[in-house]
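S.K.: Got a structure for you, questions after.
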Amino acid sequence: MSNVIAPIFSLIMILSIFLSTVAFSLENKSPEEQIKSQRSEFLRIEKYVWDTSDEDFAKLVIHLGDYPLVPYLIERKILHGLTTKKVEQVRAFLEEYKDTPLERRVLRPWLRHLAKKNRKSLFLEFYQPIGDTKLVCRYLRYQLEDKVSKDELYPQIADLWNNSKSQPKDCDLLFKKWKADGQLTETLILQRIAKAANGGQYSIISYLRTLLPEDKKYLADLWKKTRKSPSTVKRLKAFKGHYPEIEAEIISYGLGRLIWRNKAASLKTWKRAQKILTFTDKQQAHVANKFAVSLAIAKHEDAEYWLIKSESLEQDPEVLRWHLTVLLKDQNWPSIINLIEKASPLLTRTHEYQYWLARSYAALGNEYKANDLFKQLAGERHYYGFLASARLGQSFSFQDNPLVIEKVVIDRVEQLPSAKRAFELKELERYHEARLEWRFVQQQLNDQERLASAVIAGQWGWHDQAIFTFSSTGYLNDVNRRFPMAYADILTKEALRNEIEPEWAFAIARRESSFMSDAVSSAKAFGLMQILPSTARYLEKRSVSDRSLMNPNTNAKLGNKYLRYLMDKVDNNMVLATASYNAGWSRVKSWLPISETIGADLWVETIPYRETRNYVKAVMAYKQIYQHQLFEISDSKIPKTIDNSVFGELVQMQIPISVGD
C-alpha cells in the first residue's frame with residue numbers, strides 16, 4: 001500500500017457499486033433504524049480518523065455504505081497531515097465534489113499549503129477564487145511571473161491595493177512589482193486615503209502620506225485629523241486652497257459627521273466654507289442630507305428647512321422619511337398630504353405613505369378619501385394593512401394560500417446527495433455546515449423545486465430555512481409555514497408562566513431569529529429570542545453560559561421572563577415593551593411624548609431608530625398573525641372580533657408621557 005490512501009479514492013470512483021452490494025448487517029433494519037445505526041457509526045469513526053491506517057479507514061468508510069456524510073470523513077482524512085504527496089487524493093476529491101461546499105473545505109487548505117511550499121505549477125492548476133485575499137495575491141504574483149498580460153493583471157492589482165484596510169503581508173511582493181512598474185498614481189493614493197478615513201484606518205493614512213509628494217502631504221493630514229475629530233473642519237484656515245476639489249471633499253465629509261455632535265458649529269462652518277470653496281452638487285447633497293436627518297431627529301428648529309433643501313437637491317428616501325416624521329410629530333396633516341402628493345410616486349406609493357395619507361385625510365374630515373385608501377391597504381397582510389382594517393372595523397385579510405407540491409417533486413429534492421447531507425448535518429446539530437449544504441441545494445433547483453425545498457425544510461422542523469426559502473422565492477402566502485408554531489410547547493408554557501400572551505412570544509422569536517435556536521447576532525445575543533448574556537445574568541442573578549442560551553428551553557424561559565420584566569417597567573404597554581426589547585427600556589422612555597399622549601401608530605412612526613421602528617411594526621404584524629393561528633387551533637369560546645385583536649387594541653392605544661420605574 002502506498003502512502004496515499006488509494007482505497008479511499010477507489011471508493012469515491014466506484015461508490016455506486018459498493019452501495020448496491022454492501023449490506024453491513026443493516027438488511028433486517030427499517031430505514032429509520034439503518035440511518036440511526038449509520039449515524040452512530042459515523043460519530044464513532046470520526047473520533048479515530050487521525051489514528052486509523054489508510055487501509056482500515058477505507059474499510060470503515062465502505063462499511064458505512066450509503067451514509068450521506070461519508071465525504072466529510074474522507075475530507076478529514078485528506079487534510080490530516082496534508083502534503084503534496086496527496087495530490088491525487090485531492091484531485092479526485094475535488095472532481096467528485098466540484099462546486100459543493102465540500103470542495104471549498106479541501107481547496108482552501110490545499111491552496112494555502114501549496115502557497116506555503118511555493119509549488120507554483122500545482123497552485124496554478126488548482127487555483128479558483130474563493131474569497132481569500134492571500135491566495136488572490138499569490139495567484140496574481142505567479143501570473144506576473146509567467147508574463148501574463150499586464151493590461152489584464154494591473155487593474156486587478158490596483159483594485160486589490162485600493163482598499164480601506166491593510167492587505168496581508170503575502171501581498172507585499174505583488175504590490176512591490178506593481179509599484180516598480182510605475183502603476184501607483186497620486187490619484188490612487190488619495191482615493192485610498194479617503195477610503196481609509198471613512199473606515200477609520202488611521203495607521204494606513206500615516207503610511208499612505210509617505211507616498212505623496214511634499215505639497216500634498218497636508219491633504220493626508222487633514223483626512224486623518226478630520227476622521228479623528230470632525231471639529232477639525234471648523235478651522236478653515238487649515239484648508240490652504242491648493243487642491244480645492246479634495247479639500248471640499250474633506251470638509252463635506254467632516255461636516256456630515258460633525259452635525260451629529262455640534263449642530264450650531266456645523267451650520268456656521270458650512271456657511272463660511274461655501275464662501276471660500278466650490279462644492280459639487282454631490283457634496284452639497286451629502287451635506288444637506290446629513291444635516292436634514294440629524295436636525296430632524298433632534299427636533300431642531302431648522303430641520304424642515306434642511307429637509308426641503310435636501311429634497312430639492314436629491315430625492316433621498318431617508319430624507320423624505322424624516323420629513324414625514326417631523327410633520328407627524330406636529331400632526332401637521334395638511335403638510336403631510338402636500339408632502340406625499342408632491343413627492344415622487346416611486347417613493348410614496350409604499351404602504352407606509354399611503355396609510356399616512358389616509359390618516360391625514362381622516363384627521364381633516366375627508367372620510368371618503370381616507371376610507372378609499374384604507375380599503376386598498378386592508379386587503380393585504382402587513383402592518384399597515386392590519387392598521388387599515390382596524391380603522392375600518394373590518395376583518396383582517398390573511399391571504400392564506402397554502403402551497404401544494406406534488407410528492408414526486410418533494411421526493412426528487414430529498415434524494416439529492418446535498419439535501420441528504422444537509423439533513424444529516426442538521427440532525428447532528430452542525431447547523432453551519434448544514435446551511436452551507438442547503439444553500440447549495442437551492443442552486444440546483446428550478447422554481448418549483450425551490451418551493452418544494454421550503455416545504456421540505458418545514459417538514460424537517462428546520463423552520464428558519466423554510467422561512468428564508470419562502471422569502472427568497474417570493475411565495476409569501478403560505479402563512480402557516482412562514483409563521484410556524486415552532487417550539488410551541490416551551491414558548492406557550494413560559495409565556496403563560498410569565499403572564500405574557502403566547503402570540504407575542506411567538507412573534508418575538510419569529511422576528512428575532514426565525515426560530516433559529518443557534519442564532520448569534522453581531523451584538524452576541526443568542527438563541528430563539530436573542531438573549532444577551534448580560535440580560536440573562538441580570539434576570540437569573542448568575543452567569544448563564546452561551547451554550548445554555550442556545551438551549552431552546554432556557555432561551556424561551558429567559559425571553560419571556562424579560563418580556564414580563566419590560567411590561568412591568570412600562571405599565572403593561574405592549575408597544576413600549578416591544579420597542580424596549582429591541583432598544584432598551586431606558587432609551588424608549590426618552591422617546592415618550594413630552595406634553596400629551598399620542599396614538600400608538602403615530603408614536604411608532606416617529607421612533608428615531610429605524611431598526612426599532614421596523615422591529616415594532618414587524619412584531620405587531622406577526623403577533624396578529626399568531627393570534628389568528630392560536631385562535632384557529634384553540635377551543636376558545638371568545639368571539640373573534642376586531643375588538644379583541646392586536647390592531648384593534650393598537651388603534652385605540654395612547655402612548656403616555658411617562659411610565660413607571
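S.K.: Out of contact with any strand residue (DSSP E or B) (no Cβ under 8 Å at 6 or more places or on another chain), under 18 Å from S418 (Cα atoms) and not in a helix (DSSP H, G or I): does that describe L451?
M.R.: Against the criterion (out of contact with any strand residue (DSSP E or B) (no Cβ under 8 Å at 6 or more places or on another chain), under 18 Å from S418 (Cα atoms) and not in a helix (DSSP H, G or I)), L451 does not qualify.
S.K.: Scanning the stretch 416-438 for residues that are without any contact (Cβ under 8 Å) to a residue 40 or more places away in the chain and among the basic types (K, R), which turns out most open to solvent (accessible area, probe 1.4 Å)?
M.R.: Filtering the stretch 416-438 for residues that are without any contact (Cβ under 8 Å) to a residue 40 or more places away in the chain and among the basic types (K, R), the one most open to solvent (accessible area, probe 1.4 Å) comes out as R430.
S.K.: Among (1) open to solvent by less than 20 Å² (accessible area, probe 1.4 Å); (2) under 18 Å from Y609 (Cα atoms); (3) of a type in the set (A, V, I, L, M), where does I297 come up short?
M.R.: Checking I297 against (1) open to solvent by less than 20 Å² (accessible area, probe 1.4 Å); (2) under 18 Å from Y609 (Cα atoms); (3) of a type in the set (A, V, I, L, M), the one that fails is (1).
S.K.: Please work out if D478 is open to solvent by less than 10 Å² (accessible area, probe 1.4 Å) and among the acidic types (D, E). Spell out the reasoning first.
M.R.: Details: open to solvent by less than 10 Å² (accessible area, probe 1.4 Å): yes; among the acidic types (D, E): yes.
The answer is yes for D478.
S.K.: What are the residues in the stretch 454-468 that are within 17 Å of A519 (Cβ to Cβ) and not acidic (D, E), if any?
M.R.: Step one: filter the stretch 454-468 for residues within 17 Å of A519 (Cβ to Cβ), giving 457, 461-468.
The answer is A457, G461, W462, H463, Q465, A466, I467, F468.
S.K.: Right, something else. Can you tell me which of (1) of a type in the set (A, V, I, L, M); (2) under 21 Å from Q399 (Cβ atoms); (3) surrounded by fewer than 17 Cβ atoms within 10 Å (Cβ to Cβ) is the one L451 doesn't meet?
M.R.: Unmet for L451, out of (1) of a type in the set (A, V, I, L, M); (2) under 21 Å from Q399 (Cβ atoms); (3) surrounded by fewer than 17 Cβ atoms within 10 Å (Cβ to Cβ): (3).
S.K.: Here's another thing I want to ask about it. Of all residues being among the hydroxyl-bearing types (S, T, Y) and surrounded by 15 or more Cβ atoms within 10 Å (Cβ to Cβ) in the stretch 79-102, which is nearest to the chain's Cα centre (by Cα)? Just the residue, please. Give the derivation first.
M.R.: The initial filter retains those residues of the stretch 79-102 that are among the hydroxyl-bearing types (S, T, Y), namely 83-84, 97, 100.
Applying the additional criterion that residues be surrounded by 15 or more Cβ atoms within 10 Å (Cβ to Cβ) yields 97, 100.
Details: Y97: 29, T100: 23 Å.
Step by step, filter the stretch 79-102, then rank; the result is T100.
S.K.: For the stretch 35-67, how many residues meet the condition of being open to solvent by 80 Å² or more (accessible area, probe 1.4 Å) and in contact with a Leu (Cβ under 6 Å, 6 or more places away or on another chain)?
M.R.: Summing the residues that are open to solvent by 80 Å² or more (accessible area, probe 1.4 Å) and in contact with a Leu (Cβ under 6 Å, 6 or more places away or on another chain) in the stretch 35-67 gives 1.
Table: residues versus (1) under 24 Å from E311 (Cβ atoms); (2) modelled with pLDDT of 95 or more; (3) of a type outside the set (V, I, T); (4) part of a helix (DSSP H, G or I).
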site: Y253; (1), (2), (3), (4): yes, yes, yes, yes
site: W260; (1), (2), (3), (4): yes, yes, yes, no
site: L267; (1), (2), (3), (4): yes, yes, yes, yes
site: R272; (1), (2), (3), (4): no, yes, yes, yes
site: T278; (1), (2), (3), (4): yes, yes, no, no
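S.K.: Would you please list the contacts, defined by Cβ atoms under 8 Å and residues six or more apart or on different chains, that run from a residue in the stretch 149-177 that is in contact (Cβ under 8 Å) with a residue 24 or more places away in the chain and open to solvent by 60 Å² or more (accessible area, probe 1.4 Å) to a residue that is of a type in the set (D, E, K, R) and not in a helix (DSSP H, G or I)?
M.R.: Cβ pairs passing all conditions: K150/D181.
S.K.: Residues of the stretch 489-499 being of a type outside the set (K, R) and open to solvent by 30 Å² or more (accessible area, probe 1.4 Å), which ones? Even if it seems obvious, please write down each step before you answer.
M.R.: First, the residues of the stretch 489-499 that are of a type outside the set (K, R): 489-492, 494-496, 498-499.
Correct list: D489, T492, L496, E499.
S.K.: List the helices (runs of 4 or more DSSP H) inside the stretch 340-387, counting only whole elements, that have at least 2 residues being without any contact (Cβ under 8 Å) to a residue 24 or more places away in the chain and touching a helix residue (DSSP H, G or I) at 6+ places or on another chain (Cβ under 7 Å). So that I can check it myself, show each step before the final result.
M.R.: Values: elements: 345-348, 351-363, 367-378.
Correct list: 367-378.
For every residue, the table says whether it meets (1) under 26 Å from G254 (Cβ atoms); (2) charged (D, E, K, R).
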| site | (1), (2) |
| --- | --- |
| L295 | yes, no |
| A298 | yes, no |
| E304 | yes, yes |
| K309 | yes, yes |
| S312 | yes, no |
| L320 | yes, no |
| D330 | no, yes |
| W333 | no, no |
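S.K.: I've got another one for you. For residues in the stretch 178-198 being out of contact with any helix residue (DSSP H, G or I) (no Cβ under 8 Å at 6 or more places or on another chain) and under 14 Å from A220 (Cα atoms), which is surrounded by the fewest Cβ atoms within 10 Å (Cβ to Cβ)? Walk me through how you get there before you give the answer.
M.R.: Start the filter on the stretch 178-198 by keeping residues that are out of contact with any helix residue (DSSP H, G or I) (no Cβ under 8 Å at 6 or more places or on another chain), which leaves 179-180, 182, 185, 187, 191, 195.
Filter once more, keeping what is under 14 Å from A220 (Cα atoms): 187, 191, 195.
Working: T187: 9, Q191: 14, K195: 17.
Looking at the filtered set, the residue picked out is T187.
S.K.: Another question, then. Identify all residues within the stretch 243-264 that are touching a residue at least 24 places away in the same chain (Cβ under 8 Å), over 17 Å from T280 (Cα atoms) and surrounded by fewer than 22 Cβ atoms within 10 Å (Cβ to Cβ); write none if there are none.
M.R.: Across the stretch 243-264, the qualifying residues are R257, W260, R261, N262, K263.
S.K.: So, of the residues in the stretch 280-294 that are open to solvent by 60 Å² or more (accessible area, probe 1.4 Å) and assigned to a helix (DSSP H, G or I), which turns out to be nearest to L328 (Cα to Cα)?
M.R.: So the first thing to find is which residues in the stretch 280-294 are open to solvent by 60 Å² or more (accessible area, probe 1.4 Å), and the list is 280-282, 286, 290.
Narrowing further to those that are assigned to a helix (DSSP H, G or I): 281-282, 286, 290.
Details: D281: 30, K282: 29, H286: 24, K290: 20 Å.
Ranking the candidates gives K290 first.
S.K.: Just for the stretch 582-615: of the residues that are part of a helix (DSSP H, G or I) and touching a Leu at 6+ places or on another chain (Cβ under 7 Å), which one is surrounded by the most Cβ atoms within 10 Å (Cβ to Cβ)? First the steps, then the outcome.
M.R.: Step one: list which residues in the stretch 582-615 are part of a helix (DSSP H, G or I), which gives 582-583, 585-590, 600-605, 610-615.
Of the ones still in play, those that are also touching a Leu at 6+ places or on another chain (Cβ under 7 Å) are 585, 588, 600-602, 605.
Values: W585: 18, V588: 26, A600: 23, D601: 24, L602: 16, E605: 20.
So, considering only residues that are part of a helix (DSSP H, G or I) and touching a Leu at 6+ places or on another chain (Cβ under 7 Å), the one surrounded by the most Cβ atoms within 10 Å (Cβ to Cβ) is V588.
S.K.: Separate question: Take the residues in the stretch 616-661 that are part of a helix (DSSP H, G or I) and β-branched (V, I, T); name whichever of them is most open to solvent (accessible area, probe 1.4 Å). Spell out how you get there, then give the answer.
M.R.: Within the stretch 616-661, the first condition is being part of a helix (DSSP H, G or I), and the residues that meet it are 616-633, 642-644, 646-650.
Filter again for β-branched (V, I, T), leaving 616, 619, 625, 633, 642, 646.
Values: V616: 0, V619: 0, I625: 5, I633: 121, I642: 37, V646: 1 Å².
Among those that are part of a helix (DSSP H, G or I) and β-branched (V, I, T), it is I633.
S.K.: Quick test for you: out of V441, V408, V413, pick the one residue that is β-branched (V, I, T), modelled with pLDDT of 95 or more and open to solvent by 60 Å² or more (accessible area, probe 1.4 Å).
M.R.: Details: V441 fails: open to solvent by 60 Å² or more (accessible area, probe 1.4 Å); V413 fails: open to solvent by 60 Å² or more (accessible area, probe 1.4 Å).
It is V408.
S.K.: For the stretch 565-579, indicate whether the set of residues that are open to solvent by 70 Å² or more (accessible area, probe 1.4 Å), outside any helix (DSSP H, G or I) and either touching a Gly at 6+ places or on another chain (Cβ under 8 Å) or within 20 Å of M529 (Cα to Cα) (or both) is non-empty.
M.R.: First pass over the stretch 565-579, keeping only residues open to solvent by 70 Å² or more (accessible area, probe 1.4 Å): 568, 571-572.
Filter once more, keeping what is outside any helix (DSSP H, G or I): 571-572.
Filter once more, keeping what is either touching a Gly at 6+ places or on another chain (Cβ under 8 Å) or within 20 Å of M529 (Cα to Cα) (or both): 571-572.
Yes, there is a match, as at least one residue in the stretch 565-579 is open to solvent by 70 Å² or more (accessible area, probe 1.4 Å), outside any helix (DSSP H, G or I) and either touching a Gly at 6+ places or on another chain (Cβ under 8 Å) or within 20 Å of M529 (Cα to Cα) (or both).
S.K.: Okay, next question. Could you figure out which of (1) in a helix (DSSP H, G or I); (2) closer than 26 Å to Y383 by Cα isn't true of N555?
M.R.: (2)
S.K.: Let me ask something else. Is there a residue in the stretch 343-361 that is open to solvent by less than 40 Å² (accessible area, probe 1.4 Å) and more than 33 Å from the chain's Cα centre (by Cα)?
M.R.: yes
S.K.: Also: Test R391 against the stated conditions and say whether it is in contact (Cβ under 8 Å) with a residue 40 or more places away in the chain, among the basic types (K, R) and buried (at least 16 other Cβ atoms within 10 Å of the Cβ). Outline the logic, then answer.
M.R.: Values: in contact (Cβ under 8 Å) with a residue 40 or more places away in the chain: yes; among the basic types (K, R): yes; buried (at least 16 other Cβ atoms within 10 Å of the Cβ): yes.
For R391, the condition - in contact (Cβ under 8 Å) with a residue 40 or more places away in the chain, among the basic types (K, R) and buried (at least 16 other Cβ atoms within 10 Å of the Cβ) - is met.
S.K.: Sticking with this structure for a sec: Within the stretch 110-135, can you find the residues that are in a helix (DSSP H, G or I) and either open to solvent by 40 Å² or more (accessible area, probe 1.4 Å) or at pLDDT below 95 (or both)?
M.R.: Step one: filter the stretch 110-135 for residues in a helix (DSSP H, G or I), giving 110-116, 120-126, 133-135.
Result: R112, K116, K120, S121, L124, E125, T133, K134.
S.K.: Would you list the helices (runs of 4 or more DSSP H) that sit entirely within the stretch 398-445 and hold 1 or more residues that are of a type in the set (F, W, Y)? So that I can check it myself, show each step before the final result.
M.R.: Numbers: elements: 407-414, 417-427, 431-443.
Where helices (runs of 4 or more DSSP H) fall fully within the stretch 398-445 and carry at least 1 residues being of a type in the set (F, W, Y), they are 417-427, 431-443.
S.K.: In addition: Restricting to the stretch 75-84, give me the number of residues that are part of a helix (DSSP H, G or I) and within 14 Å of D54 (Cα to Cα).
M.R.: Number satisfying all stated conditions: 5.
S.K.: Of everything in the stretch 222-245, what is assigned to a helix (DSSP H, G or I) and under 34 Å from the mean Cα position of the chain (by Cα)? Give them in sequence order. It would help to see each step written out before you state the result.
M.R.: The first filter runs over the stretch 222-245 and keeps only residues assigned to a helix (DSSP H, G or I), leaving 222-228, 230-234, 236-238, 244-245.
If the condition is that a residue be assigned to a helix (DSSP H, G or I) and under 34 Å from the mean Cα position of the chain (by Cα), then W223, K224, K225, T226, R227, K228, P230, S231 are the ones that fit.
S.K.: Another one. Determine which member of the set D330, D316 is open to solvent by 10 Å² or more (accessible area, probe 1.4 Å) and without any contact (Cβ under 8 Å) to a residue 24 or more places away in the chain. Spell out the reasoning first.
M.R.: Values: D316 fails: without any contact (Cβ under 8 Å) to a residue 24 or more places away in the chain.
Just one listed residue meets the conditions, D330.
The values are calculated or read from the model by the stated rules, or taken from the named source; none is laboratory data. Remember, it's a predicted structure, so these values are computed and weren't measured experimentally. All Cβ positions, glycine included, derive from the backbone under ideal geometry; neighbour counts span all protein chains shown. These area figures cover heavy atoms from the full protein model, side chains too; ligands, DNA and RNA do not enter into them. Shrake-Rupley method; radii C 1.70, N 1.55, O 1.52, S 1.80 Å.
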